[in-house]
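Heads up: the structure comes next, in structure tokens.
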């Protein structure tokens with residue numbers, strides 16, 4: 001038994017590091033999609049800025065972490081061996097799920113994966129009575145509601161701003177006329193959700209809120225803040241004689257990305273760190289508590305460990321698979337008619353059936369264009385600002401309320417909401433883009449089923465075979481990982497070949513050879 005505990009602790013620490021990188025590889029990659037898609041920043045620069053915000057958010061997250069995420073199961077009634085088997089099995093499955101989805105460029109929620117992995121492991125080992133089904137339902141409800149809010153809010157905000165600015169987000173007169181109040185609105189809601197909702201537990205924020213919002217009412221304070229921000233932006237333009245107008249919405253997009261990255265670091269750290277930290281806590285008390293030890297539901301985390309986990313998540317954002325996730329999501333909501341995307345044929349058929357009811361209407365997005373370096377500009381800066389601003393607000397609000405929320409689901413819903421508002425699915429490869437969206441959403445429902453069954457089976461192996469089970473699961477994890485890698489790289493090569501052939505055909509059919517070049521060329525696949 002002591003040998004099993006010691007080995008499980010080593011495995012848990014190693015898998016904690018690995019899982020933090022996988023969370024950054026898949027989930028955190030969504031943070032830079034809007035800014036990169038609008039060509040506000042290169043992907044490398046966007047990732048660097050977002051990575052710093054992720055580390056800061058993780059460092060200043062809650063110093064007490066739940067071992068049973070949001071009370072999904074009751075660990076206090078479990079034996080030491082059973083608790084360790086549950087937490088370690090979560091890592092075995094989570095690292096594979098995230099790695100596999102990332103390889104195919106599919107965004108998946110680390111929050112949802114962790115929740116249902118905990119459900120599967122505790123269900124198979126301790127039975128259905130140990131699972132808090134009410135909590136599972138409330139967590140699922142919170143995730144679904146956040147998706148709906150993000151999609152609807154981004155659609156409505158985008159339609160309001162687009163109706164005013166149209167495709168003139170870089171036009172001097174339009175920006176000077178409407179830019180101040182639009183930027184003021186964005187800054188107001190970011191301040192409200194990021195500071196007064198997301199950081200409501202900070203004493204100085206709570207004090208300021210009591211002296212303003214509680215004293216004068218939310219509508220009055222928000223309108224005053226909107227007016228103040230609008231005046232500041234207007235004065236900036238007046239003093240600078242209109243200089244910098246072309247960078248206004250680029251700045252709000254980057255600010256929204258920073259806020260979203262900070263909120264991500266606060267909200268998603270527990271997804272990667274809590275299982276491993278729970279095992280370490282069990283190991284520390286195993287000698288004094290004996291084999292029948294019970295595990296607590298919370299564990300204190302030193303700030304250096306929070307910083308380290310945040311840095312590991314940030315490191316995953318620089319990997320090649322993270323680029324695939326970014327590229328696929330950007331192309332799904334692209335304003336270009338022709339995009340390089342894969343979607344199963346049944347998803348395309350559903351998309352075509354859905355698109356029959358879209359009606360006739362002019363595309364509201366600005367004319368598709370290329371950047372100075374000849375790369376596709378998939379979004380304009382106004383749309384990028386709405387995507388990051390709405391996503392950051394939803395994530396921060398949920399974090400402030402103690403609700404689990406998926407950065408992936410929220411940001412993807414914002415991309416789809418703004419895309420529907422701009423009618424980017426009205427022409428061109430609309431069935432492919434909509435089909436990809438259907439495929440991504442379908443995988444959101446497939447992933448929990450896989451998580452429950454796979455984690456339950458792994459937990460049984462670890463619990464019954466002890467150290468032998470740990471070694472067996474490590475070997476299986478590495479083998480399946482290599483299978484995923486080869487298949488995902490082959491899929492990427494095939495998609496790249498199809499895209500290259502399609503572009504060549506388009507160029508031959510175009511007399512002036514003016515077809516835009518896709519900038520998001522996949523990285524060479526490793527063998």
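Some observations on this one:
- Subset of the range 168-182 (residues that are more than 28 Å from the chain's Cα centre (by Cα), under 18 Å from residue 421 (Cβ atoms) and at pLDDT below 90): 168
- Hits in the range 123-145 - residues which are surrounded by 14 or more Cβ atoms within 10 Å (Cβ to Cβ) and more than 26 Å from residue 80 (Cα to Cα): 138, 139, 140, 142, 143, 145
- Test result for residue 124, in a helix (DSSP H, G or I), touching a residue at least 12 places away in the same chain (Cβ under 8 Å) and within 29 Å of residue 322 (Cβ to Cβ): no
- Of everything in the range 429-469 that is without any contact (Cβ under 8 Å) to a residue 12 or more places away in the chain and under 18 Å from residue 151 (Cβ atoms), the residue that is surrounded by the fewest Cβ atoms within 10 Å (Cβ to Cβ) is 445.
- Against the numbered list (1) assigned to a helix (DSSP H, G or I); (2) in contact (Cβ under 8 Å) with a residue 24 or more places away in the chain; (3) closer than 30 Å to residue 121 by Cα, residue 420 comes up short only at (3).
- Condition check for residue 94: at pLDDT 90 or above, under 20 Å from residue 484 (Cβ atoms) and out of contact with any strand residue (DSSP E or B) (no Cβ under 6 Å at 6 or more places or on another chain): yes
- Qualifying residue in the range 255-264 (condition: buried (at least 17 other Cβ atoms within 10 Å of the Cβ), out of contact with any helix residue (DSSP H, G or I) (no Cβ under 6 Å at 6 or more places or on another chain), part of a helix (DSSP H, G or I) and at pLDDT 85 or above): yes
- Selection of first residues in the range 476-500 that are closer than 22 Å to residue 94 by Cα and of second residues that are at pLDDT below 75, restricted to Cβ pairs under 7 Å at least 6 apart or on distinct chains, gives the following pairs, ordered by first then second residue: 489/525; 489/526.
- Candidates 351, 426 - the one that is touching a residue at least 40 places away in the same chain (Cβ under 8 Å) and either in a helix (DSSP H, G or I) or surrounded by fewer than 17 Cβ atoms within 10 Å (Cβ to Cβ) (or both): 351
- Residue count for the range 98-107 under the criterion of being buried (at least 24 other Cβ atoms within 10 Å of the Cβ) and either over 22 Å from the mean Cα position of the chain (by Cα) or part of a loop (DSSP other than H, G, I, E, B) (or both): the result is 2.
- Selection status of residue 230, part of a helix (DSSP H, G or I), in contact with a helix residue (DSSP H, G or I) (Cβ under 9 Å, 6 or more places away or on another chain), free of Cβ contacts under 8 Å to residues at least 60 places away in the same chain and buried (at least 19 other Cβ atoms within 10 Å of the Cβ): yes
- Selected residue (criterion: farthest from the chain's Cα centre (by Cα)) from residues of the range 354-411 that are modelled with pLDDT under 80 and buried (at least 24 other Cβ atoms within 10 Å of the Cβ): 365
The values are calculated or read from the model by the stated rules, or taken from the named source; none is laboratory data. No experiment lies behind these values; they were computed from the predicted model shown. Reconstructed Cβ throughout: ideal geometry from the backbone, glycine too, with neighbour counts over all protein chains shown.
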